[in-house]
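I am attaching a structure below and will ask some questions about it afterwards.
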Amino acid sequence: MEELFLQILRRIADKMPGLSLIDEDYGQLETQEDTYPVTFPCVLVGNITTDWEQRTPSSQRGTSQFTVRLAIDCYADTYVGSGTEEAITERLTMAHTLFAALNGYASGSGMSPLLRVQSKDYTAPHGIKVYQMVFRFRQTEDC
């Protein structure tokens, strides 16, 4: 699983070179402290869960899912007539690029292609827009 996680991070880096930060998600957007500098736009990957079933005495098959969050700081006014409405389109295009980078991706190391199973967007404090996607895949792991 460790190598798969790193491959997913590298895949995002390869397909989205304009990102300021790509990291494991350990609550950077939710902290009240200024101890970890998050720069934008960033992608945070985490919340991995896996349901396992035994295949043989030494092999298990798992269905895993993880969350990917694209966070963008929103300083431009985007109301109609502001002259900067295109910032909305730019953010949505970036979210679609992230989706396209991961959906269908398979590392070839015993995992099925990634499939997006959920998406949503929301706002975080301090003018941050977050586009969240959940991806699912199957994998086989031997003891």
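The values are calculated or read from the model by the stated rules, or taken from the named source; none is laboratory data. Since this is a predicted model, take the numbers as computed values, not measurements. Cβ placement follows ideal geometry from the backbone for every residue including glycine, while neighbour counts extend to all protein chains displayed. When the accessible area is computed, the model is the full protein with side chains, heavy atoms only, and any ligands, DNA or RNA have been set aside. Shrake-Rupley method; radii C 1.70, N 1.55, O 1.52, S 1.80 Å.
Based on Cβ point charges of +1 for Lys and Arg and -1 for Asp and Glu, what charge dipole magnitude is obtained for the chain about its Cα centre, in debye rounded to the nearest 20?
Values: 12 positive and 19 negative charges, 128 e Å.
For the chain, the charge dipole is close to 620 debye.
Over the alpha carbons of the range 1-53, what is the largest minus smallest coordinate on each principal axis, giving the biggest first in Å?
So the extents along the principal axes, rounded to whole Å, are 41, 27, 12.
If you don't mind, there's one more thing I want to ask. Can you give me the accessible area per residue for the range 6-143, using a 1.4 Å probe, in Å²?
Value for the range 6-143: 58 Å² per residue.
Just to be sure I understand: of the beta bridges DSSP finds with both ends in the chain, what percent are antiparallel, rounded to 5?
In the chain, DSSP labels about 90 percent of beta bridges as antiparallel.
Further question: For the range 66-143, what are the per-bin percents of Cα-Cα distances with bins 10 Å wide, up to the bin holding the maximum?
Values per bin, smallest distances first: 17, 39, 25, 14, 5, 1, 0.
Another one. Can you tell me, using C-alpha contacts under 8 Å and at least 6 residues apart, the relative contact order of the chain as a whole percent?
24
Next up: Give the share of C-alpha pairs in each 5 angstrom bin for the chain, from 0 to the last occupied bin, in whole percents, shortest bins first.
2, 9, 18, 20, 17, 13, 9, 6, 3, 2, 1, 0, 0
So how far apart, in nm, are the two label points at Cys143 and Gln54 if each is 7 Å from Cα heading toward Cβ?
Label at Cys143, label at Gln54, 0.8 nm between them.
Another question about this same structure. Quick one: angle between helix 2-15 and the longest Cα principal axis of the chain, in degrees between 0 and 90, rounded to 10, please.
Tilt of helix 2-15: around 40 degrees.
Just want the answer: with Cβ charges of +1 for Lys and Arg and -1 for Asp and Glu, which residue in Gly62, Ser119, Pro41 is farthest toward the dipole's positive end in the range 1-123?
Gly62
Quantify, in whole percent, the carbon and sulfur part of the accessible surface of the range 1-121 (1.4 Å probe; protein heavy atoms only).
Carbon and sulfur atoms account for 49 percent of the accessible area of the range 1-121.
So what J values fall out for the range 40-55 if you push phi through Karplus, 6.51 cos²θ - 1.76 cosθ + 1.60 with θ = phi - 60°, rounded to Hz, Gly and Pro as x?
Here the 3J(HN,Hα) series is 10, x, 9, 10, 10, 10, x, 6, 6, 10, 9, 9, 10, 9, 6, 9 Hz.
Using only Cα atoms and rounding to the nearest 10 degrees, what angle (0 to 90) does helix 86-102 make with the longest principal axis of the chain?
Value to nearest ten degrees: 10.
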